[in-house]
1. For the residues K101, K65, what sequence is obtained by ranking on other C-beta atoms within 10 Å, fewest first?
2. Net charge near G93, counting Lys/Arg +1 and Asp/Glu -1 over other residues with Cβ under 11 Å of its Cβ?
3. With a cut-off of 8 Å between alpha carbons and a minimum separation of six or more residues, what is the relative contact order of the stretch 7-145 in percent?
4. Can you put V68, V139 in order of Cβ neighbours within 10 angstrom, beginning with the fewest?
5. So what's the net charge close to A63: Lys and Arg +1, Asp and Glu -1, counting the other residues with Cβ under 13 Å from its Cβ?
6. Go ahead and run the numbers for FRET between R71 and L102, Cβ-Cβ distance against an R0 of 35 Å, rounding to 0.05.
7. Between R120 and S55, with labels modelled 7 Å along Cα→Cβ, what's the label distance in nm to one decimal, could you check?
8. Got a sec to turn the phi values of the stretch 67-84 into Karplus ³J(HN,Hα) couplings, 6.51 cos²θ - 1.76 cosθ + 1.60 with θ = phi - 60°, whole Hz, x for Gly and Pro?
Amino acid sequence: MGRRGMTSTGPAPRGDARDTVALLGSVGTFAEADDEQLADLVEAGYVVTVPQGWSLIWDRTPADKAYVVLRGEVEVRRDGEVIARLGPGDVIGELAILRRKLRSATVVAATPLTVLHFGREAVERLYAEVPVFRHALDVAAGEHTTTEPPGTGGS
């Protein structure tokens, strides 16, 4: 019987890291980043594959991770209702980390996914040290704030 569920490939092996850098650079969010910045992001994260239907983030849970979607799409759900659909280049899970709040939505893989996973500490470090990452998170947080109900921290 095969393994099911999220599969972390861990830090990308050397050859795969180059592929991940190229893939990350091809998505709109990071298209302006240079190879060194992209390599910093890839080195700080883990490439993870997620099957369709699995949740990456759950409503009302602590903010301990964020993702950049590399391939596939996710649905952002609040109270069981889809409020957004996001795809390659979109950042998810950042708002609650930046605001130090609980999650305000659940994020579910709408299709099979490949994401770049970052722990809270990596998000905070990259936000402080890598301008292109800070810009991407600021843009994403601004977009995600428009779908956030009053008094919550964000997905």
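1. Result, fewest neighbours first: K101, K65.
2. Charge balance in the 11 Å sphere: 0.
3. RCO, the stretch 7-145: 29 percent.
4. In increasing order of surrounding Cβ atoms, one gets V139, V68.
5. +2
6. Calculated value: 0.80.
7. If labels sit at R120 and S55, their model points lie 1.8 nm apart.
8. Rounded to whole hertz, the list is 9, 10, 6, 9, 9, x, 9, 10, 10, 9, 10, 10, 6, x, 9, 6, 10, 6.
Read-outs throughout are calculated quantities, based only on the coordinates presented, and are distinct from any laboratory measurement. On a predicted model such as this, the values are computed, not experimentally measured, just so you know. Glycine gets a Cβ as well: all are built from the backbone with ideal geometry, and neighbour counts include every protein chain shown.
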